[in-house]
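K.L.:
Shown below is the structure under consideration.
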Amino acid sequence: MPEMSSQRSAPDIPPQDAAGDDRWRPSRDALAVAAGLAAPLALTAILVPFRSSFANTDAALALIVIVVAVAAAGSRLAGYLAAASAAVWFDFFLTRPYEQFSISRATDIETTVLLLVIGIAVTEIAVWGRRQRATASRRSGYLAGINDAARAAAAGDSPPSLISQVCGTLTTLLGLRSCQFQYGVAGLGRPGRLERTGAVTVDANSWDVQANGMPSSTELLVESGGRLQGRFLMLADPSARPTAEQLLVAAAFADQVGAALAASHWEVRAPPAIMARWVRRERASRRTVAMPRTGRHGRSVAPIWSGWPATCLPRRASVRRRSGR
């Protein structure tokens, strides 16, 4: 039976760029942590000669600016440390009694507590903003990938070329060890199944991907107009935890491949006797199967797939390109 496969590969980033980014990211976080600890100390020390000439609430506002800058540039840890450092040194240098870790006035206690709370809140807002930007960028990449697959299908690219492209995309998207496409097969080997809704099932039971990861072997069926075209058989990396959004995107890629296969007039055929035995077996297991129609030269075209679980086409089925269409 024809198969097309793709082994896991690194993202399309030159090795030196990827390594450079790995070196740069920890350095930036380390600098942010250092700034979060040192900048509030430096500012409060600079303000010591002038602390009797202005309200310490003004100094608290200046310290908030530093916390915001550190939180925006660094990690959550850097923001928290900046907020704590600002509160500590504000107490030490700018509240009475000076240069002691004690506060004698209630208003200074309120200001110190507010400085710490606002610093933590600002840090969480900055982290949320970065997460939203990352999500938007990721979704943009998903849409671009689906759009590329749709354009390839509309342009009439050969199905093998599109299938190979989608195999590679699924491998990267879901963190797979390998991915291969098998024509005219569904349920063979009883793997898990990625449904059109993005849900994953194993033996018709729901599977928690976030808790357990992907099943070791998972199939993603490719259909068009209710007719089974084949499946992507995916071998999962145990450490990968694809999100619900990524699983839905994977299903969308399968739809594009199904449309391309239908448009290029590829279909699965098998000898009538084998197809009849397969239909009887499926009906005996109480699954809904439509009898196949007979094509030219007495060979039966694969039946309309009606969504029954854990089924497969006959092993002697073959994939052929329809002619005269």
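The values are calculated or read from the model by the stated rules, or taken from the named source; none is laboratory data. Being a predicted model, the structure only gives us computed values, none of them experimental. Reconstructed Cβ throughout: ideal geometry from the backbone, glycine too, with neighbour counts over all protein chains shown.
K.L.:
Go through the stretch 93-115 and count every residue that is within 23 Å of residue 74 (Cβ to Cβ) and crowded, with 18+ Cβ neighbours inside 10 Å.
P.N.:
2
K.L.:
Hey, could you check the stretch 95-112 for residues that are part of a helix (DSSP H, G or I) and without any contact (Cβ under 8 Å) to a residue 24 or more places away in the chain and say which is farthest from residue 66 (Cα to Cα)?
P.N.:
Going through the qualifying residues, I end up with 106.
K.L.:
Evaluate the following for residue 72: is it crowded, with 18+ Cβ neighbours inside 10 Å, touching a residue at least 24 places away in the same chain (Cβ under 8 Å) and on the phi < 0 side of the Ramachandran plot?
P.N.:
no
K.L.:
When you check residue 87 against the structure, is it modelled with pLDDT of 90 or more, among the small types (Gly, Ala, Ser) and not assigned by TED's automatic domain parsing to the domain that holds residue 170, yes or no?
P.N.:
So residue 87 fits the description; yes.
K.L.:
So, in the stretch 159-198, of the ones that are within 22 Å of residue 141 (Cα to Cα) and free of Cβ contacts under 8 Å to residues at least 40 places away in the same chain, which residue ends up surrounded by the fewest Cβ atoms within 10 Å (Cβ to Cβ)?
P.N.:
161
Residue-by-condition table, conditions (1) farther than 18 Å from residue 95 by Cα; (2) assigned to a helix (DSSP H, G or I); (3) touching a His at 6+ places or on another chain (Cβ under 6 Å):
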site: 37; (1), (2), (3): yes, yes, no
site: 40; (1), (2), (3): no, yes, no
site: 46; (1), (2), (3): no, yes, no
site: 54; (1), (2), (3): no, no, no
site: 57; (1), (2), (3): no, yes, no
site: 63; (1), (2), (3): no, yes, no
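K.L.:
Now for a separate question. Take the residues of the stretch 157-177 that are closer than 12 Å to residue 261 by Cβ and of a type outside the set (S, T, N, Q): which is modelled with the lowest pLDDT?
P.N.:
Checking each candidate, the answer is 157.
K.L.:
Another question about this same structure. Among 67, 88, 117, which is under 14 Å from residue 42 (Cα atoms) and under 39 Å from the mean Cα position of the chain (by Cα)?
P.N.:
Answer to the check: 67.
K.L.:
Would you call residue 78 within 18 Å of residue 27 (Cβ to Cβ) and either assigned by TED's automatic domain parsing to the domain that holds residue 28 or not in a helix (DSSP H, G or I) (or both)?
P.N.:
Yes; evaluated as a whole, the condition is true for this residue.
K.L.:
When you go through (1) assigned to a loop (DSSP other than H, G, I, E, B); (2) of a type in the set (A, V, I, L, M, F, W, C); (3) modelled with pLDDT of 90 or more one by one for residue 188, which number turns out not to apply?
P.N.:
So the condition that residue 188 fails would be (3).
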